[in-house]
Amino acid sequence: MSGDDIEALALLHDPVRRSLYDVVASRGGDVGRGEAAEAAGVSRTLAGHHLDKLVEAGLLESGFRPQEKKGPGSGRPAKVYRRARGERSVSLPPRDYVTLASVLADVVEVLGAEERAEEVARGAGARIGGRHRGEPVERVLGERGYEPYVEGGRVRLRNCPFHVLAEEQPLLVCSMNLALCQGLLEGLGDDPGRAVLDPRPGECCVSLKQIDVDIEGG
């Protein structure tokens, strides 16, 4: 944990900034100032001010949307925002669970214990699901940082909670993540076969077959 992490996350205590951040993060792509302002219920000027503050803090990234019309009279390119690819973490005193998790992942690979790791992950998911039995899986996944959303008849997961490890050990971590999600479904009393590997750039490697999903009010 660094002072920059604390300062950056402290910005989100402001309700307007938190609302704007949530709008941008939930869209999973480029969001214009006007779109963010409308969703957050604030003026475009105020939204631009706070969005730029979030960019300065490293919580968002900014760019410009390509113009359809080129040449004289086309106007200025529209500024857009997206969630930053980096991670922020705060704990007092500082903890470093990622390093230990990375070491354990290396141990699994060295021992050739991938199948055993998947079994353990599925069991862990089942225990988590058992504590929330009967609840919608979308709600449980949302509480664990997966950020589920519905698209094309599937429940997709916008965020990978294990992103850092997945970049180091993609095959191991993704297979364990799938097993964890399948176990979670099983513990909830749902069909574990709903979860499959379905990787997309910038998202979680798992998606679920949609069954009467109601993320907002489920």
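Just so you know, all these numbers are worked out from the coordinates, no wet-lab data involved. None of these values were measured; they are calculated from a predicted model. A quick note on method: Cβ atoms are made from the backbone with ideal geometry, for glycine too, and the neighbour counts reach across all protein chains shown.
Figures for the structure shown
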| read-out | value |
| --- | --- |
| Partnerless Cys - the chain, beta-carbon criterion under 4.7 Å | CYS181 |
| Relative contact order of the chain, defined on C-alpha pairs under 8 angstrom at six or more residues apart (%) | 17 |
| Between helix 44-56 and the chain: long-axis angle, C-alpha atoms, 0 to 90°, nearest 10 | 50 |
| Label point distance in nm, GLN210-ARG133, each placed 7 Å from Cα along Cα→Cβ | 3.0 |
| Kirkwood-based shape ratio for segment 99-218, expressed as Rg/Rh from alpha carbons | 0.97 |
| Fully extended contour minus Cα-Cα distance, from LEU197 to SER102, at 0.36 nm per residue | 32.0 nm |
| 0 to 90° range, to nearest 10: angle between helix 97-111 axis and the chain longest Cα axis | 40 |
| Max mean-square fluctuation residue, GNM over the chain, Cα-Cα springs under 10 Å, options VAL24, VAL173, VAL110 | VAL110 |
| Relative contact order of segment 78-168, pairs being alpha-carbon contacts under 8 Å that are 6 or more residues apart, as % | 20 |
| Residues in segment 9-31 reached by a label modelled at ARG65 [backbone nitrogen below 20 Å; 7 Å Cα→Cβ] | 20-31 |
| Rg/Rh (Cα only; Kirkwood hydrodynamic radius) as it applies to segment 85-139 | 1.09 |
| Cα-derived Rg to Rh of the chain, Kirkwood definition | 1.02 |
